Amino acid sequence: MATSFANTQVSGKAATRQVAQGRVAPFRATGVRKASVPQIPGSLFAGVSVPQRVFASSGARGVSRAVQTVFALRDGAALDGRKLRVAVIGGGPSGACAAETLAKGGVETYLIERKLDNCKPCGGAIPLCMVEEFDLPLEIIDRKVTKMKMISPSNREVDVGKTLSETEWIGMCRREVFDDFLRKRAEKLGANIVNGLFMRSEKQGSDGPFTIHYTSYADGSKMGTPSTLEVDMIIGADGANSRVAKEIDAGEYDYAIAFQERIRIPDDKMKYYENLAEMYVGDDVSPDFYGWVFPKYDHVAVGTGTVVNKTAIKQYQQATRDRSKVKTEGGKIIRVEAHPIPEHPRPRRCKGRVALVGDAAGYVTKCSGEGIYFAAKSGRMCAEAIVEASANGTKMAGEDAIRVYLDKWDRKYWATYKVLDILQKVFYRSNPAREAFVELCEDSYVQKMTFDSYLYKTVVPGNPLDDVKLLVRTVSSLLRSNALRSVNSKSVDVSFGSKGNAERVATA
């Protein structure tokens, strides 16, 4: 009898030898044909039965039907005659970077993504360090933003970016272009790209493989074809509504709704946004986030988001358009997008041989709402841990490897998430606080600290004296803004979704 592992034959004797050596733990499953394993004196697995099952897979390029005898393998066991098999569910930055790293590291990789032309509603901003770290070609970056405007509830505008050097900028990209590049690069390195929708997975015993059930759209049909795929590990990179997260009972978490319209505006107005991005704050555009106008290749992306009042997202979007109307009037909406965005890491990010990365794990920062870099980084870090633990795909890996990734992640980024969480609670709680926030953004020290942290993804240590001065100024700004609100509430009042906002911008 021969055992087939991804087109590699392993003899029945070799399989029995692995059981005897304690590297293979057989298991029981219903509805399968069983083969008796000889008694082995002193063996933990003496007298057990090893199931054989028919495994069929379709929809992935290079994946053929196979008959397999499935053996459960303990973590660290050698994979004689085959490679570690990992399914990455979701083809955004986290999934694509995980698949790339796994394939490059010798792991048999399957990337399952339903929408290969995905256009997630996302500002599309990426930090400068990401370009070099992830070897991104400049042609996938639409704009190099060197200037930003922070616009307060009373429409006070503060220019941000004066501390940037001539070689520093923020990249703006379109997600459909960005994600497609990352997926194709992973495919070139050996990852199997599967056009399919993940439905569920089944675990075969405590140390057994997973059977992935998904709907394949490889033939181009709209209905799709029910298909299965057998793997050793799963990486859930399937976004805020992650089905993988639900399967491992990762816990509930709050999420924001992001709404974005892509608007093609006249050339003269597009020239204004050539290297400029705008951020609007105020109760009118969002009670707990901000509205944005970010430049793309031949259009601008106008959007907003909220956690606390999701049902009013279209009204907040209208307010964002109203406040930017003078600069974007005459434009034509070419695409409307909406999507949930996680607000904090999930309570559980792994279980057994299943890991979560990117939005599925909840890696979006508060205050700034940044997620692209952290998604890509988490996918890569998770895959690196698996590649290392599996000795380039030659050994079984499991939860210990995933824990290595999670520990490294928390040590590296916990402070970043905590600081931004505090900033959001302090400055996004009311219009007076937002006025104080915009006022502080005018400070050169604040700008330098902010951009250095964002562009290079490190928590930059400040100068103690300047930090004290900043604290005093922060408190003063908050007190002054609250006092102004008490004396004259009109100074910070912006009507909800009113067209009058655009007129105020014009006369400001």
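Of the conditions (1) within 15 Å of Y273 (Cα to Cα); (2) open to solvent by 30 Å² or more (accessible area, probe 1.4 Å), E166 clears all except one; give me its number.
In the conditions (1) within 15 Å of Y273 (Cα to Cα); (2) open to solvent by 30 Å² or more (accessible area, probe 1.4 Å), E166 misses (1) alone.
Going by what's in this entry, would G369 be described as on the phi < 0 side of the Ramachandran plot and either crowded, with 18+ Cβ neighbours inside 10 Å or of a type in the set (G, A, S) (or both)?
Here the answer is no, as G369 does not meet what is asked.
Of the numbered conditions (1) over 19 Å from the mean Cα position of the chain (by Cα); (2) over 24 Å from R264 (Cα atoms), K147 fails exactly one; give the number of that condition.
Result: K147 fails condition (2) only.
Would you confirm whether any residue within segment 309-327 is acidic (D, E), touching a strand residue (DSSP E or B) at 6+ places or on another chain (Cβ under 8 Å) and over 24 Å from I140 (Cα atoms)?
No, there is no match, as no residue in segment 309-327 is acidic (D, E), touching a strand residue (DSSP E or B) at 6+ places or on another chain (Cβ under 8 Å) and over 24 Å from I140 (Cα atoms).
Which one of these does A250 not meet: (1) part of a loop (DSSP other than H, G, I, E, B); (2) touching a helix residue (DSSP H, G or I) at 6+ places or on another chain (Cβ under 9 Å); (3) within 20 Å of C173 (Cα to Cα)?
Only one criterion is unmet by A250, namely (3).
Name the single residue that is farthest from I257 (Cα to Cα) among those in segment 372-417 being open to solvent by 20 Å² or more (accessible area, probe 1.4 Å) and of a type in the set (G, A, S).
A391
Given (1) open to solvent by 40 Å² or more (accessible area, probe 1.4 Å); (2) touching a Cys at 6+ places or on another chain (Cβ under 8 Å), identify the lone condition not met by I141.
(1)
Go through segment 267-278 and count every residue that is open to solvent by 10 Å² or more (accessible area, probe 1.4 Å) and touching a helix residue (DSSP H, G or I) at 6+ places or on another chain (Cβ under 9 Å).
Count: 2.
Is segment 170-184 home to any residue that is of a type in the set (G, A, S) and surrounded by 23 or more Cβ atoms within 10 Å (Cβ to Cβ)?
No.
Counting only residues that are over 30 Å from K162 (Cα atoms) and in contact with a Cys (Cβ under 9 Å, 6 or more places away or on another chain), how many does segment 103-138 have?
Residues that pass the stated criteria total 0.
Of all residues in segment 188-202, count the ones that are outside any loop (DSSP other than H, G, I, E, B) and surrounded by 17 or more Cβ atoms within 10 Å (Cβ to Cβ).
Qualifying residue count, segment 188-202: 8.
Is it the case that G196 is within 29 Å of S368 (Cα to Cα) and small (G, A, S)?
No.
Quick check on segment 302-323: of everything there that is crowded, with 24+ Cβ neighbours inside 10 Å and small (G, A, S), which residue is farthest from the chain's Cα centre (by Cα)?
Once the filter is applied, the top-ranked residue is A319.
Just to verify a result, which residue in segment 271-288, among those that are assigned to a strand (DSSP E or B) and not aromatic (F, W, Y), is nearest to T365 (Cα to Cα)?
Out of the qualifying residues, it is M279.
Which of (1) at pLDDT 95 or above; (2) surrounded by fewer than 22 Cβ atoms within 10 Å (Cβ to Cβ); (3) of a type in the set (A, V, I, L, M, F, W, C) does V244 not meet, given it meets every other one?
V244 satisfies all of (1) at pLDDT 95 or above; (2) surrounded by fewer than 22 Cβ atoms within 10 Å (Cβ to Cβ); (3) of a type in the set (A, V, I, L, M, F, W, C) except (2).
With the requirement that a residue be open to solvent by less than 30 Å² (accessible area, probe 1.4 Å), closer than 25 Å to I140 by Cβ and of a type in the set (D, E, K, R), what does segment 279-299 give you?
Within segment 279-299, K296 is the sole residue that qualifies.
The values are calculated or read from the model by the stated rules, or taken from the named source; none is laboratory data. Bear in mind that the values here come from a model prediction, so they are computed numbers and not experimental data. Counting neighbours? That spans all protein chains shown, and the Cβs are built from the backbone with ideal geometry, glycine included. Just so you know, the surface numbers come from the protein's heavy atoms only, side chains and all, with ligands and any DNA or RNA stripped out. Shrake-Rupley method; radii C 1.70, N 1.55, O 1.52, S 1.80 Å.
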